[in-house]
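First comes the structure, then the notes that go with it.
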Amino acid sequence: MQRIVIKVGSHIISEKYTLSHQRLENLVEFLASLMDKYEVILVTSAATSTGNTKLNLDRTSLINKQVLAAVGQPYLIANYNEYLAKYGKLGGQILLTPKDFEFKKSKQNVKNVINAMTHYNILPIINENDVTATEEYFFGDNDSLSSLVAHYCDANLLVILSDIDGFYDKNPHLFKDAKRFDRVEKIKNKWLSEEAKGGSEHGTGGIVTKLKAAKFLLSKNKKMFLASGFDLKVAKAFLFENRQIGGTLFEKKA
């Protein structure tokens, strides 16, 4: 059975001061169906934004962000499991920091836990440990985290579900003639020099962090697919029917 990593950005499942329960439920329905075909690992953002649904704190302060994450993470996992239960599925929480990928023993431990969870058909739900991570040891975005998980946990594919529906030759929000790349085989350095902006006030990523994740995986001869997380039809066609009707596939030539 193939193993895939699904990464979901904050903006997909949260709005200002609230979770988007309809989109979260749609996502979980999708994940539950995927679990019948693949070994699935979920990397999810939105702990801090979920904490904002309970506390209105100034998010410019690191300690406030950590408090929000501490409050939001268990609530986020509880919501995932509430919806997973409707499909007879169970999720388990894994919180990681860059230190977990620094040493062979810790990397192997992460892999062992994920192997056991997928063996028991439990969905690993991974997020950065924002509560204990410091600025020196901080991913800063879950695109990087998901690419490391995909590589070190032997996934065949990383799928990033984002408010960005693919990679374009120019910003599609500013240029009407922007063209989406169906497939990218190599990441150009000039693409990585663009300003990285998150898609929402809760997001920490942007197209550059996704391109960096793709570059890392391409260097490891692995694949990444970028598609919309608002409308899952592109991801469903790609993963269930092996059809690409949108999005961008990052893959080297065979």
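In table form, for the structure just shown:
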{"item": "Qualifying residues in the stretch 1-47 (those that are polar (S, T, N, Q) and part of a loop (DSSP other than H, G, I, E, B)) - the one nearest to LYS222 (Cα to Cα)", "result": "GLN2"}
{"item": "Hey, LEU68 under 20 Å from SER162 (Cα atoms) and surrounded by 20 or more Cβ atoms within 10 Å (Cβ to Cβ) or not", "result": "no"}
{"item": "Hits in the stretch 80-116 (condition: over 20 Å from SER45 (Cβ atoms) and of a type outside the set (D, E, K, R))", "result": "ALA85, TYR87, GLY88, LEU90, PHE103, SER106, GLN108, ASN109, ASN112, VAL113, ASN115, ALA116"}
{"item": "Residue count, the stretch 206-250 (criterion: assigned to a helix (DSSP H, G or I), open to solvent by less than 20 Å² (accessible area, probe 1.4 Å) and within 17 Å of LYS170 (Cα to Cα))", "result": "4"}
{"item": "Selection status of THR50, modelled with pLDDT under 95 and part of a loop (DSSP other than H, G, I, E, B)", "result": "no"}
{"item": "Leading residue by the ranking (farthest from SER146 (Cα to Cα)) among those in the stretch 1-49 that are in contact with a Phe, Trp or Tyr (Cβ under 7 Å, 6 or more places away or on another chain) and surrounded by 24 or more Cβ atoms within 10 Å (Cβ to Cβ)", "result": "VAL28"}
{"item": "Residue count, the stretch 157-170 (criterion: outside any loop (DSSP other than H, G, I, E, B) and either under 16 Å from SER219 (Cα atoms) or without any contact (Cβ under 8 Å) to a residue 60 or more places away in the chain (or both))", "result": "3"}
{"item": "Pair list, Cβ under 6 Å, 6 or more apart: the stretch 171-187 residue of a type outside the set (A, V, I, L, M), other residue open to solvent by less than 100 Å² (accessible area, probe 1.4 Å) and assigned to a loop (DSSP other than H, G, I, E, B)", "result": "PRO172/ALA178; LYS179/ASP169; ARG180/GLY166; PHE181/PHE167; GLU185/LYS252"}
{"item": "Within the stretch 50-65, tally of residues that are open to solvent by 60 Å² or more (accessible area, probe 1.4 Å) and of a type in the set (Ser, Thr, Tyr)", "result": "1"}
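The values are calculated or read from the model by the stated rules, or taken from the named source; none is laboratory data. Predicted model, so just to flag it, every value in this text is computed and none were measured. As a convention, Cβ positions derive from the backbone with ideal geometry for all residues, glycine included, and neighbour counts pool all protein chains shown. The protein model used for the area step is the full one, side chains on, heavy atoms only, and it has no ligands, DNA or RNA in it. Shrake-Rupley method; radii C 1.70, N 1.55, O 1.52, S 1.80 Å.
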